[in-house]
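Report on the structure given below.
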Amino acid sequence: MPEALSRRPSAQYYVYALVDRVPRRWRPPATGVGGGPVEAQRIHDLFLVVSRVVNPFVRTLRTQAAHDDVLASLMDADAVAPLPFGTAVMDLEGWVEARVPDLRAALNAVRGSVEMTVRLLRLDAGVDGPHLRSLAERLIERAALPHWRYRPAANPTNVAASLSFLVPRDEVAAFLARIAPVASRAAGLAVVPTGPAPAYSFVSSADTSRAAALAPAG
């Protein structure tokens, strides 16, 4: 298990996630966004997965993939609170200290849970908004979970909408079984579940001036 580091000098760090612990057999990618090695730092009782920013970065398919690869490496942790792509701070310790209660709350909110995404793919050009929302509502009802998010597509593609659910880690199979009857009878739409993944949709941090917090259901 990598050593959890603390009390590093002030520098710019790219922050991927908070975790309740570093997975025992954690093998992070050697290089992270910004060029530095991926490591865990412990500040107070919080573990942050970070990499030092040694080179300027922008959002590209490659850097987004690097961000996602780090988060995927953490899936064995019981609680992973991912931060959005681009979260980079100069004073990591000060950033954490200003947000300790909110960061703890964000971690606790996703403890023991993962995110499952259900994409609604349009098969029939005649599928309208009310039909789409009706299907989403039936999926939400069958899922029987308190935390979910519905996103209609902003641009005209075959992905008409997506639903994200915060699912207890040990209930993923049961969740899929519950929504299967609705998915099999969807008219004009394909229902495609993906996951499990870190709970991207249920930890919100618009920028580094705001702490992560649980996103509202619905």
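Using the membrane-span-like helix rule (whole DSSP H runs, Cα extent along the own axis of at least 15 Å, mean Kyte-Doolittle hydropathy at least 0.5), which helices of the chain qualify?
172-184
How high is the FRET efficiency between ARG27 and VAL192 when r is their beta carbon distance and R₀ equals 30 Å, given to the nearest 0.05?
E between ARG27 and VAL192, to the nearest 0.05, is 0.55.
What's the extension gain from ASP124 to GLU141 if we count 0.36 nm per residue and subtract their Cα-Cα distance?
The ASP124-GLU141 span can extend by a further 3.7 nm.
DSSP loop (so not H, G, I, E, B), at most 11 other Cβ within 10 Å: list which GluC sites (Glu not before Pro) in segment 98-156 pass both filters.
Filter output for segment 98-156: empty list.
With springs only between Cα atoms under 10 Å, which of VAL191, VAL49, VAL203 fluctuates most in a Gaussian network model of the chain?
Of the options given, VAL191 has the highest mean-square fluctuation.
Show the residues, 5+ positions off or on another chain, whose built amide H is closer than 5 Å to the amide H of PHE47.
Those qualifying (amide H under 5 Å, at least 5 residues apart or on another chain) are VAL19.
Under 5 Å between amide hydrogens, which residues at least 5 positions from HIS147 or on another chain qualify, with H placed 1.01 Å from N in the peptide plane?
For HIS147, whose amide H was placed from the backbone, the distant partners under 5 Å are LEU166.
Ignoring everything except DSSP H segments at least 4 long, calculate the 222 nm mean residue ellipticity for the chain; use -39,500 (n - 2.57) per segment, divide by total residues, nearest 500.
When only DSSP H runs of four or more count, the value is -8000 deg cm²/dmol.
So what's the projected area for the chain, the Cα convex hull averaged over all directions, in nm²?
12.4
Could you order the peptides 11-17, 127-133, 61-67, 164-170 from most to least packed, using the average number of other C-beta atoms within 10 Å per residue?
Sorting 11-17, 127-133, 61-67, 164-170 by mean packing, highest first, produces 11-17, 164-170, 61-67, 127-133.
In which sequence would ASP69, ASP45 go, from the one with the fewest C-beta neighbours within 10 Å to the one with the most?
Sorted ascending by nearby Cβ count, the order is ASP45, ASP69.
Take VAL110, VAL80, VAL70 and order them by how many other Cβ atoms sit within 10 Å, fewest up front.
Ascending Cβ contact count within 10 Å gives the list VAL70, VAL110, VAL80.
Select from LEU123, LEU103, LEU176 the residue whose mean-square fluctuation is largest in a Gaussian network model of the chain (Cα-Cα springs shorter than 10 Å).
Its mean-square fluctuation being the largest, the pick is LEU123.
Computed from the coordinates by the stated procedures, all read-outs in this text should not be read as laboratory data. Please read all numbers here as calculations on a predicted model, not as lab measurements. When we count neighbours, we look across all protein chains shown, and the Cβ atoms used for this are built from the backbone with ideal geometry, even at glycine.
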